[in-house]
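Trainee: Could you have a look at this structure, given as structure tokens, before my questions?
The values are calculated or read from the model by the stated rules, or taken from the named source; none is laboratory data. Just so it is clear, the structure is predicted and the values come from calculations on it, not from any experiment. Here the Cβ positions follow ideal geometry from the backbone for every residue, glycine too, while neighbour counts run over all protein chains shown. Remember, those area values only see protein heavy atoms, side chains included, never the ligands or the DNA or RNA. Shrake-Rupley method; radii C 1.70, N 1.55, O 1.52, S 1.80 Å.
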Amino acid sequence: MKTDFIRLLWERQWGLRVLKGVQMRSHTSFRIGGQADFAVSPSTVSQLIQLLGFLSQECIPYRIIGNGTNLLVSDSGYRGVVVFTGDIRSVTVRDTYITAEAGAGLSRVATAAKLAGLSGMEALYGIPGTVGGALVMNAGAFGTEIGSLVEYITVYDPQTCAVRVLDASAAAFGYRDSLFRHQELCILSARLRLQCAPIDRIEEQMYAHQAARKEKQPLNVASAGSYFRRPAPTVSAGELIDRCGLKGLSVGDAAVSEKHAGFLVNRAHATARQVLELAELVRSCVSEQTGYTLEPEVEYLG
């Protein structure tokens with residue numbers, strides 16, 4: 001990586017704070033990961049676009065991260081620049097639409113929708129990710145996927161240095177998938193289409209979903225959420241893992257949750273290597289006993 005990175009950024013006077021040697025375990029819900037060479041947190045869309053254009057022009061590797069809730073970072077860290085979007089988080093409501101920037105938390109957007117008497121985000125309340133990260137993986141819960149709510153998405157293409165607007169069909173949403181997992185596009189914001197409903201009914205649904213999460217999921221232990229995708233539309237990875245008797249299986253401090261077999265958790269000081277070894281043990285056992293092949297939902301960095 002180019003050693004004059006910080007100097008060049010400073011010379012351009014963008015007002016960006018550049019951190020060196022950032023411990024990624026402090027920036028992911030898994031609480032796992034070594035150092036990233038640099039980390040930058042733009043506070044405006046304009047700063048983000050300038051930064052990404054610069055990094056692309058200088059051929060400096062980078063990775064855009066929201067809350068780090070669906071991410072496993074290598075023990076050796078990341079040789080490049082981590083770009084955090086958490087400070088780019090405005091949310092605006094107009095009529096039956098909400099426009100949210102990439103770094104806005106899903107629960108914050110859901111709460112704004114509730115206060116405006118708009119329904120559609122209830123099932124996503126309580127998911128700890130950001131709008132940008134949710135769109136990349138088409139996050140969903142309780143039968144609702146964020147892609148189904150999208151009117152359009154504004155993105156920046158670092159290859160062409162152009163801002164583009166994509167409608168929902170162009171985003172190619174699928175099960176835990178989207179165009180953004182396959183093309184180098186940076187999500188800037190999204191406009192979501194919702195429906196009017198009584199606030200008390202919206203609130204009731206939100207809290208019911210959150211109560212279900214607390215009852216069934218290990219929310220008090222570090223994890224990246226559901227580790228594996230569903231291997232088939234009506235087949236749950238967690239149910240298959242449970243059927244194979246793998247709850248509690250561990251490699252070091254990485255373990256299959258006793259509460260929800262679909263979660264691999266960090267009991268204290270798990271390493272990425274231990275999580276990967278555990279995941280492979282689970283995949284092998286499930287394949288042998290059920291014939292299903294599990295694929296990770298969690299993304300890997302490093």
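Trainee: Considering the stretch 271-302 alone, what residues qualify as being open to solvent by 10 Å² or more (accessible area, probe 1.4 Å) and in a loop (DSSP other than H, G, I, E, B)?
Mentor: Answer for the stretch 271-302, where residues must be open to solvent by 10 Å² or more (accessible area, probe 1.4 Å) and in a loop (DSSP other than H, G, I, E, B): Thr271, Gly291, Tyr292, Thr293, Glu295, Glu297, Val298, Gly302.
Trainee: To continue, here is another question. Does the stretch 143-166 contain at least one residue that is under 20 Å from Thr28 (Cβ atoms) and in contact (Cβ under 8 Å) with a residue 24 or more places away in the chain?
Mentor: Within the stretch 143-166, the first condition is being under 20 Å from Thr28 (Cβ atoms), and the residues that meet it are none.
No, the stretch 143-166 contains no residue that is under 20 Å from Thr28 (Cβ atoms) and in contact (Cβ under 8 Å) with a residue 24 or more places away in the chain.
Trainee: Right, another one. Mind counting the residues in the stretch 113-133 that are in contact (Cβ under 8 Å) with a residue 40 or more places away in the chain, assigned to a helix (DSSP H, G or I) and either touching a helix residue (DSSP H, G or I) at 6+ places or on another chain (Cβ under 8 Å) or farther than 24 Å from Leu185 by Cβ (or both)?
Mentor: Going through the stretch 113-133 one residue at a time, the tally reaches 6.
Trainee: Answer with yes or no whether Leu219 is open to solvent by less than 30 Å² (accessible area, probe 1.4 Å) and either farther than 29 Å from Pro61 by Cα or touching a strand residue (DSSP E or B) at 6+ places or on another chain (Cβ under 9 Å) (or both).
Mentor: no
Trainee: Moving on to the next point. Are any residues in the stretch 254-264 over 16 Å from Thr290 (Cβ atoms), part of a loop (DSSP other than H, G, I, E, B), within 23 Å of the chain's Cα centre (by Cα) and not hydroxyl-bearing (Ser, Thr, Tyr), and if so, which ones? First the steps, then the outcome.
Mentor: The initial filter retains those residues of the stretch 254-264 that are over 16 Å from Thr290 (Cβ atoms), namely 254-255, 257-260, 263-264.
Filter again for part of a loop (DSSP other than H, G, I, E, B), leaving 257-260.
With the extra rule that they be within 23 Å of the chain's Cα centre (by Cα), the set shrinks to 257, 259-260.
Answer for the stretch 254-264, where residues must be over 16 Å from Thr290 (Cβ atoms), part of a loop (DSSP other than H, G, I, E, B), within 23 Å of the chain's Cα centre (by Cα) and not hydroxyl-bearing (Ser, Thr, Tyr): Lys259, His260.
Trainee: Are any of the residues in the stretch 157-172 modelled with pLDDT under 95, farther than 20 Å from Ile98 by Cβ and surrounded by 13 or more Cβ atoms within 10 Å (Cβ to Cβ)?
Mentor: yes
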